[in-house]
Each structure stands twice: as structure tokens, then as C-alpha cells.
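K.L.:
Take this structure first; my questions come after.
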Amino acid sequence: MVFEMALHKKKFWNKVSPVLLLLLTGAYWIKTTSSTPYIQSKSELSTAELTNLKEGELSLLTYNIAGLPEVLSAASTPRASSIKEIAKKINRFDIVNVQEDFHYHKELYNSENNHPFRTLHKPGLPYGDGLNTLSKYPITETKRIAWNACHGSDCLAAKGFSFIRIQLTKNIYVDVYNVHATARDEKAAAAARQKNIVQLAEYINMHSAKNAVLVMGDFNAHFAASWDNLQWFTKETQLQDVWVNMMHNGEYPDGQPSFTPKEKLTLTDNCESIDKIFFRNSEDIIFLPRQYKIEDQYFSNKKHTALSDHHAVSCVISWKTR
């Protein structure tokens, strides 16, 4: 969620105002340059030792790391040191999607993170889209796509989604999407988010039509909210939600017009999170989720305080070729 928490902290207003002025002056530049894709050079794959495995297992993670400047952040822990800790802790996961990787990117990439393949950070004036992917498998292509619709303070950042193609073996690839949708649930914000989801579905259907797909990110949406269109999204793309599959008996929650989401840091494995992981099989690959977890303990500091204002969400998923 971008900026809204800070806007309600009046005691910080004098500190926040200069930063917001910088954001406003740079907003037009961001929105008019954010759609230019970055395509990673395939020469970067020269160090990879790919095999001919027919099956394997992936540990996945999606994490909104609350990377706005500390004065603007809704997270309760110091941001630079927290993101340094996050950089180290995510080493155990094979493919990691992060959102809100804004102000402390060097703490994420230049600390103790060991992922050999990482998307090139997209800087902006002052910020880009905040989306990055870190992988133990080669990344062969990356594209960034800005949303066509936004609402309120979210329009100050180049929010959208990214497309990443990852090579699992010599002949097996998977398309990975990293998502950060429009925040908040008032009518105009929900309408913009619905358009975000439609845009994402159309892109997946056009660019990954016959491919195995993993989609992970901060959707700011719930199946249980009648104003969100996630059930439509799964039907349109044939994606499956890991939490629904493993923790909700494969049945989507009924959309409720009076739905009230739980506070993010109180979630357990049984609760629906706005941070989601989806998967889709292909003619070449079959996925089978093995474990779903809200990482409420692992991503905390020595005082047992969460390192972000979101809990990371993880999944262990097996794959095999047909």
C-alpha cells in the first residue's frame, strides 16, 4: 500500500511534505517512462549449469518489503536494517518476487543476498515500479508493464506487473509474473484494481498462452470481497490459487458485500491474504503445490517484530514434465 498510512500520521507532516513534493514533480516522468521494457541479456546465462531433469521442486516466496523511505513507511521497524535482514533471509527460497523495492534497493541486492539471477532494478524519479525477482534459476527475459488505471496516491508510483521467463532445465521454462495492484477498497480504487486484473489476464493470455505460469504478488484483493474480480481472473487465465487449493479445500470463498479484511500482520495460514501465489500447468509441465505458509515468524527481528507491514507468503511446489 503506497503512502496512505503516512498521510494520516500528522505528526510527521513536516517531514513528509518535501518528499511528497518530490514525488509530485516526478510523477509525470515516471508514468510516461514506466512502460519501456527491460530485456535481460541472455549472455548472463553463461555461468548456469543446466541439467536434463524431468522433475523437481521449487520454493517460492512473495513479499511486499515496505521499501518506502522510513518516514513514509507503514512498517514499524527501521527500514534499512530490516531490508538487509530480508535480503539474507530470502536466500533459502528458489524464486522470490518482491514488491515496494523502492528506497532501499542497495540494501536488498548488495547485502548478503546470494541469488545468482536477479532482475535489473528499474530506477525512476523518484521511484520505478518497486518490482524485482530474485532466482536460483536463469532469468532469460524480463519485461515491465505499467497499469493503464490507477487511483489516488498509487498514481505517484509506476505500479504494474512484470513478466519474467525462467529456465528450470535445458528445455523447460516457466513464465513468472510479479504483481502489485491498486490499493484500498473504496469504489474508485476497487474499480481501478478490477481494471488492473483485467489487464494482467489479457497479457497472460496473449504472452503465455501455452506456457506454464507462476503469478505471485500483492494483489490488494480478496476472493471474499464482492467488489474484487479474482474469481473471474482465475477462470479467464485457468490459474489456480495455492491458498484456495491447499487451505480452503479447493473452493473459492463467496464474495461478501460487507467483507472486512483482517489486519495484515494478524493473518495465519487459514486466512486469505492479499499476497497471493497462483500456478498453471502446461502441455510440458505439471505443478503440484506441497506447502503453503504465512511466514509470520521467519521474517521478524530479534524482538519478534515483523520486518515489513506485510507477512511474506511462501509455497513449496513440485513440478514434473509430462
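Only the coordinates and a few stated rules stand behind these numbers; no lab work does. For clarity, every value in this text was computed on a predicted model and none was experimentally measured. Don't worry about glycine lacking a Cβ; one is built from the backbone with ideal geometry, like all the others, and counts go over all protein chains shown.
K.L.:
Quick one: which residues, 5+ away or cross-chain, put their amide H under 5 Å from the amide H of D269? H built at 1.01 Å from N.
P.N.:
The answer is I294.
K.L.:
Also: Could you rank the peptides 187-194, 105-112 by their average count of other C-beta atoms within 10 Å per residue, with the highest value first?
P.N.:
Top to bottom by mean Cβ count within 10 Å: 187-194, 105-112.
K.L.:
What distance in nm separates the simple spin-label points at S111 and D296, each placed 7 Å from Cα in the Cβ direction?
P.N.:
The two pseudo-label positions are separated by 2.3 nm.
K.L.:
Under 5 Å between amide hydrogens, which residues at least 5 positions from R290 or on another chain qualify, with H placed 1.01 Å from N in the peptide plane?
P.N.:
Amide H neighbours of R290, under 5 Å, 5+ apart: V316, I317, S318.
K.L.:
Restricted to Cα positions, what overall size does the range 230-322 have along the principal axes? Three whole-Å values, descending.
P.N.:
Principal-axis extents of the Cα atoms in the range 230-322, largest first: 47, 35, 19 Å.
K.L.:
Here is a follow-up. Mind ordering 264-272, 143-151 by average Cβ neighbours within 10 Å, highest first?
P.N.:
Ranked by mean Cβ neighbours within 10 Å, highest first: 143-151, 264-272.
K.L.:
Among D296, D175, which comes first, second and so on when ranked by fewest other beta-carbon atoms within 10 Å?
P.N.:
Sorted ascending by nearby Cβ count, the order is D296, D175.
K.L.:
I need the Debye-formula profile for the range 44-122: one equal scatterer per C-alpha, no solvent, reported as log10 I(q)/I(0) at q = 0.15, 0.22 1/Å, two decimals.
P.N.:
Log10 I(q)/I(0), no solvent term: -0.58, -1.06.
K.L.:
Treat the count of other C-beta atoms within 10 Å as a stand-in for reagent exposure and order M247, M206 from fewest to most.
P.N.:
So the ranking, lowest neighbour count to highest, is M206, M247.
K.L.:
Within a 10 angstrom radius of the beta carbon, how do K235, K84 rank from fewest other beta carbons to most?
P.N.:
The fewest-first ordering by Cβ neighbours comes to K235, K84.
K.L.:
For the range 123-202, which GluC sites (Glu not before Pro) pass both filters: DSSP loop (anything but H, G, I, E, B) and at most 12 other C-beta atoms within 10 Å?
P.N.:
E186
K.L.:
Under 5 Å between amide hydrogens, which residues at least 5 positions from G217 or on another chain qualify, with H placed 1.01 Å from N in the peptide plane?
P.N.:
V179, K276
K.L.:
Then there is this: Ordered by residue, what ³J(HN,Hα) values in Hz, to whole numbers, does the range 312-322 give under the Karplus form 6.51 cos²θ - 1.76 cosθ + 1.60, where θ = phi - 60° and Gly and Pro are x?
P.N.:
Here the 3J(HN,Hα) series is 5, 10, 10, 8, 9, 10, 8, 9, 8, 7, 6 Hz.
K.L.:
For the range 182-187, what does the Karplus curve 6.51 cos²θ - 1.76 cosθ + 1.60, with θ = phi - 60°, yield as ³J(HN,Hα) per residue in whole Hz, taken in order and with x for Gly and Pro?
P.N.:
4, 8, 6, 10, 5, 3
K.L.:
Can you run phi through the Karplus equation (6.51, -1.76, 1.60; θ = phi - 60°) for the range 209-221 and list ³J(HN,Hα) in whole Hz, with x for Gly and Pro?
P.N.:
3, 10, 9, 5, 9, 10, 10, 9, x, 8, 7, 6, 9
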